[in-house]
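What follows is one structure encoded as structure tokens, with my remarks underneath.
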Amino acid sequence: MPRQIIRRKAYVDTKYCVACGECQKNCPLKAITIYKGIYAEVDFNKCVGCSKCAKVCPASIIEIKEGEV
Amino acid sequence: MKNISKKKWYDYLWIVTILYLVLGLFNILFAWLGLICFLVPLIISFTKYNKVYCNIYCGRGQLLNLMGTKFSRNKPIPKFLKTKWFRYGFLIFFLSMFINMLFNTYLVFNGTNNLREVITLIWTFKVPWKFNNLSNVTPWIAQFSFGFYSMMLTSTIIGIITMFLYKPRSWCVYCPMGTATQGICIIKNKLNEY
């Protein structure tokens with residue numbers, strides 16, 4: 001059975017995202033982009049779940065959850 | 001993990017925001033420069049279909065961030081402030097106040113009203129502002145300055161209050177310009193789907 005790696009990642013609630021870009025600016029791994037000026041999108045391959053984006057998000061809509069890789 | 005990226009020229013646009021507010025206090029005609037903050041994000045969202053102005057160039061956002069490092073309570077914003085109803089409702093309210101201000105300017109332009117040297121804060125409190133010598137200025141140009149500066153100062157005050165109460169850039173959640181530019185991007189994206 002292949003080993004499952006559980007990693008913490010940032011999840012954006014796109015319904016409430018205002019695409020202000022604060023998370024993108026603060027992400028140390030440049031894992032966040034603003035999708036067509038509508039919402040923030042996280043590249044799960046880069047995200048390590050450091051929660052910097054969640055701390056600065058003015059709408060507090062980024063959650064750090066554990067997910068399988 | 002520290003973000004060690006070098007600061008660029010646009011990281012200092014918060015100075016422009018402070019300059020704008022200070023210059024406006026000394027000469028109300030500087031208020032006209034605020035149109036840049038209105039037009040640039042709209043032009044960018046209409047032509048490039050993104051929110052790069054909010055993301056990178058917004059001086060007010062940078063200023064709130066900077067002040068927030070010292071003065072913000074860093075609490076989550078109440079849920080109702082981030083609902084579409086509130087955000088678009090606030091945009092409509094802001095636009096109607098803007099149109100009302102344009103109408104007042106028109107009334108001065110056509111001679112119905114005289115120039116009122118007043119700054120209106122939070123759409124309610126009227127502060128007499130007779131420090132400028134506006135005798136050489138066309139009255140409607142001065143009237144627009146008072147109206148526009150009132151709007152800019154009001155939104156800055158609201159931004160600072162929510163910066164203090166919640167997270168530094170809480171203003172961005174319901175900023176009318178941000179809502180408008182995001183709305184434009186959403187509509188453009190939907191049109192592209194068809």
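Numbers at a glance
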{"item": "1 or more residues without any contact (Cβ under 8 Å) to a residue 40 or more places away in the chain: qualifying helices (runs of 4 or more DSSP H) within the stretch B:122-194", "result": "B:139-165, B:176-193"}
{"item": "Those residues of the stretch A:32-69 which are more than 12 Å from every other protein chain (Cβ to nearest Cβ), within 21 Å of B:Val52 (Cα to Cα) and in contact with a helix residue (DSSP H, G or I) (Cβ under 9 Å, 6 or more places away or on another chain), in sequence order", "result": "A:Val42"}
{"item": "Condition check for B:Gly68: surrounded by 14 or more Cβ atoms within 10 Å (Cβ to Cβ) and in contact with a Pro (Cβ under 8 Å, 6 or more places away or on another chain)", "result": "yes"}
{"item": "Matching residues, the stretch B:93-121, being exposed (fewer than 12 other Cβ atoms within 10 Å of the Cβ) and not in a helix (DSSP H, G or I)", "result": "B:Asn110, B:Gly111, B:Thr112, B:Asn114"}
{"item": "All positions within the stretch B:71-90 that are open to solvent by less than 70 Å² (accessible area, probe 1.4 Å) and either out of contact with any Ser or Thr (no Cβ under 8 Å at 6 or more places or on another chain) or not in a helix (DSSP H, G or I) (or both)", "result": "B:Ser72, B:Ile77, B:Pro78, B:Lys82, B:Thr83, B:Phe86, B:Gly89"}
{"item": "Total residues in the stretch B:1-31, condition away from chain A (no Cβ under 13 Å) and outside any helix (DSSP H, G or I)", "result": "2"}
{"item": "Conditions (1) touching a residue at least 12 places away in the same chain (Cβ under 8 Å); (2) assigned to a helix (DSSP H, G or I); (3) within 14 Å of chain A (Cβ to nearest Cβ); (4) surrounded by 17 or more Cβ atoms within 10 Å (Cβ to Cβ); number of the one not met by B:Gly34", "result": "(3)"}
{"item": "Number of positions in the stretch B:163-187 that are more than 8 Å from every other protein chain (Cβ to nearest Cβ), closer than 19 Å to A:Glu22 by Cα and surrounded by fewer than 23 Cβ atoms within 10 Å (Cβ to Cβ)", "result": "6"}
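The values are calculated or read from the model by the stated rules, or taken from the named source; none is laboratory data. Note that the structure is predicted; figures quoted are calculated from it, not measured. Cβ atoms come from the backbone with ideal geometry, glycine included; neighbour counts cover every protein chain shown. The area values use the complete protein model at the heavy-atom level, side chains included, leaving out ligands, DNA and RNA. Shrake-Rupley method; radii C 1.70, N 1.55, O 1.52, S 1.80 Å.
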